[in-house]
Structures are given as structure tokens and as C-alpha cells.
1. Near the amide H of G55, under 5 Å away, which other amide H atoms are found, from residues 5 or more places off or on another chain, if H is placed in the peptide plane?
2. If each residue of separation counts as 0.36 nm, what is the full-extension length gain between Y9 and I78 once their alpha-carbon separation is subtracted?
3. Please turn the phi angles of the stretch 54-61 into ³J(HN,Hα) values with the Karplus equation 6.51 cos²θ - 1.76 cosθ + 1.60 (θ = phi - 60°), one per residue in order, whole Hz, x for glycine and proline.
4. Can you list residues from other chains, or at least 5 along the same chain, whose modelled amide H is less than 5 Å from the amide H of K63?
5. On the full set of protein chains, 1.4 Å probe, figure out the accessible area of L21 and give it in Å² to the nearest 10.
6. Along the Cα-to-C-beta direction of Y85, a point sits 7 Å from the Cα; which residues of the stretch 38-72 have their amide N less than 16 Å from that point?
Amino acid sequence: MHWYLQHVYNHQEVRELLGRLDLGNRTKMGQKGSSGLSRAVSAFGIVGFVRFLEGYYIVLITKRRKMADIGGHSIYKIEDTTMIYIPNDSVRVSHPDEA
């Protein structure tokens, strides 16, 4: 028995879902703040998460190069990554050695 449902979204479903999220996150007329969704970074995958002195960061693959095809599957080499701070201001404590 499976305790989860698995669904693979196609490109059209992803666009529709992002459109609904964008619309739902827009502020009402006259209010300051978010205007919906905006792309912060394009990524090909998640390497993992790391915790430093001030909190957690997500490590994303931002550049890749196709190296081979094995059994119909593409094999990529990671060319570049980026770390993005995952804010949680309720527990964030500034630390001078974070940089």
C-alpha cells in the first residue's frame, strides 16, 4: 500500500500551476509588497542543503554539460552551482563569521 500519490507534471501543467500561484500571491490594488511570482534563479537540480552559522542554504545546479547517453538516459556533468539562503527570520541570529 502506498502512502503517497506520485504525479509527474507535464510542461503545460507546470505553467498552469505557476500561473495560479502567481495570481494567488499578487497583492491587492494599492498595497505595497509582492506582485506575484518572479524567477530568482533557473536550475537543473538540487545538490542538497547545508547549514551554516546563520541558517540553511539550498545548493542548486545552475549549469550542466551533457557527457554521454547510456541506455537512453543522458548523463550530465555539473558545471556550476549556486547557494541560496533559505530565510527563517524567526530563528536567524546574525553571526559575524557567516561570510
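1. Those qualifying (amide H under 5 Å, at least 5 residues apart or on another chain) number zero.
2. Values: separation 69, 0.36 × 69 = 24.84 nm, distance 2.43 nm.
Additional length available on full extension: 22.4 nm.
3. Here the 3J(HN,Hα) series is 9, x, 9, 10, 9, 9, 10, 7 Hz.
4. E79, D80
5. 80
6. Inside the label zone: 50-59.
The values are calculated or read from the model by the stated rules, or taken from the named source; none is laboratory data. Just so you know, these numbers come straight off a predicted model, no measurement behind them. Ideal geometry is used to build each Cβ from the backbone, glycine not excepted, and the neighbour counts take in all protein chains shown. Surface areas here come from the heavy atoms of the whole protein model, side chains and all, with no ligands, DNA or RNA. Shrake-Rupley method; radii C 1.70, N 1.55, O 1.52, S 1.80 Å.
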